[in-house]
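Engineer: First the structure, then my questions, so here it is.
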Amino acid sequence: IHWHLFNVQVINRVAWDNIILPPDPNELGWKETVRVNPLEDIIVAMRPVAPDLPFELPNSVRPIDPTMPLGAVLSGGPGGYFDPQGNPVTVTNELVNYGWEYVLHCHLLGHEEMDMMHSMPFLLAPRPPSGLQAADGPGGVLLTWTDNSVAETSYVVEWAADAGGPWSLLAELPAGSVAYTDTEPFTGTRYYRVLARNSVGYVAPFPVMTADSSPSNVVSVTRP
């Protein structure tokens, strides 16, 4: 089995008679390809590697089953789909954010066609916004910033009574947002910052992982 952009380490093998076999001497350490024997389960540790690139890559957003129309009920494997607690659930074909979609597969073509090629979602934090500005007016505090990312799924606007926090959620906005107006009344000084957020995974009850960028610069507005 070959993992793309993963380092993999063999932990052990478990035969079908439940005998546990440690890795062979030539299997110690991190690698990208691992031998899988017939009638054995292989236990591995996987460590994804993010390439150091001068640009940002977008998320892989696609239907769960690209061969089926959106909204179609998917049959899944034998017995259908089950949630993490083992309960049967209905899964419809939706657009899902897979983050950076890495691949693992067998090098035998016949095996790849028999469900031995799979993707591995890899979550990275998006690039942070910059140039946050605040302008107080009769309609509220207008916040504007620069969108620097192609991989965010939302923007999070936070406020605090002190420049060092603690910070409270003010709003979560769609991807690509570059402005928000705070209409809440307040007196004194209110501090603001914005973060880019990337959420990877299907809807509940399935796991969804989230990673936030580092925050933008902090701005403040003072009212008597």
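Engineer: With the requirement that a residue be on the phi > 0 side of the Ramachandran plot and under 24 Å from the mean Cα position of the chain (by Cα), what does region 67-126 give you?
Structural biologist: Scanning region 67-126 gives Gly71, Gly76, Gly86, Gly99, Asp115.
Engineer: Also: With respect to the numbered conditions (1) of a type outside the set (Asp, Glu); (2) open to solvent by less than 50 Å² (accessible area, probe 1.4 Å); (3) touching a residue at least 12 places away in the same chain (Cβ under 8 Å), which one is the sole condition not fulfilled by Gly86?
Structural biologist: Looking at each condition in turn, Gly86 falls short on (3).
Engineer: Oh, and also: Here are some residues: Pro54, Pro23. Which one is open to solvent by less than 80 Å² (accessible area, probe 1.4 Å), modelled with pLDDT under 95, of a type outside the set (S, T, N, Q) and in a loop (DSSP other than H, G, I, E, B)?
Structural biologist: Checking each option against the conditions leaves just Pro23.
Engineer: Would you say Gly131 is open to solvent by 50 Å² or more (accessible area, probe 1.4 Å) and among the small types (Gly, Ala, Ser)?
Structural biologist: No; evaluated as a whole, the condition is false for this residue.
Let's see how each residue does on (1) in contact with a strand residue (DSSP E or B) (Cβ under 9 Å, 6 or more places away or on another chain); (2) within 25 Å of Ala171 (Cβ to Cβ):
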site	(1), (2)
Thr92	yes, no
Leu109	no, no
Ala125	yes, yes
Trp145	yes, yes
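Engineer: Counting only residues that are surrounded by 10 or more Cβ atoms within 10 Å (Cβ to Cβ), farther than 30 Å from Thr33 by Cβ and touching an Asp or Glu at 6+ places or on another chain (Cβ under 9 Å), how many does region 64-83 have?
Structural biologist: 3
Engineer: If a residue must be hydrophobic (A, V, I, L, M, F, W, C), assigned to a loop (DSSP other than H, G, I, E, B) and under 25 Å from Thr153 (Cβ atoms), how many such residues does region 94-117 contain?
Structural biologist: Count: 0.
Engineer: Moving to a separate point now. Please return the ranges of strands (runs of 3 or more DSSP E) entirely within region 144-224 where 3 or more residues are under 30 Å from Asn93 (Cα atoms), open to solvent by less than 70 Å² (accessible area, probe 1.4 Å) and in contact (Cβ under 8 Å) with a residue 24 or more places away in the chain.
Structural biologist: Once the strands (runs of 3 or more DSSP E) in region 144-224 are filtered for at least 3 residues that are under 30 Å from Asn93 (Cα atoms), open to solvent by less than 70 Å² (accessible area, probe 1.4 Å) and in contact (Cβ under 8 Å) with a residue 24 or more places away in the chain, what remains is 154-160, 188-201.
The values are calculated or read from the model by the stated rules, or taken from the named source; none is laboratory data. Note that the structure is predicted; figures quoted are calculated from it, not measured. In this analysis, Cβ positions are derived from the backbone assuming ideal geometry, glycine residues included, and neighbour counts consider all displayed protein chains. SASA here: full protein model, heavy atoms, side chains in, ligands and nucleic acids out. Shrake-Rupley method; radii C 1.70, N 1.55, O 1.52, S 1.80 Å.
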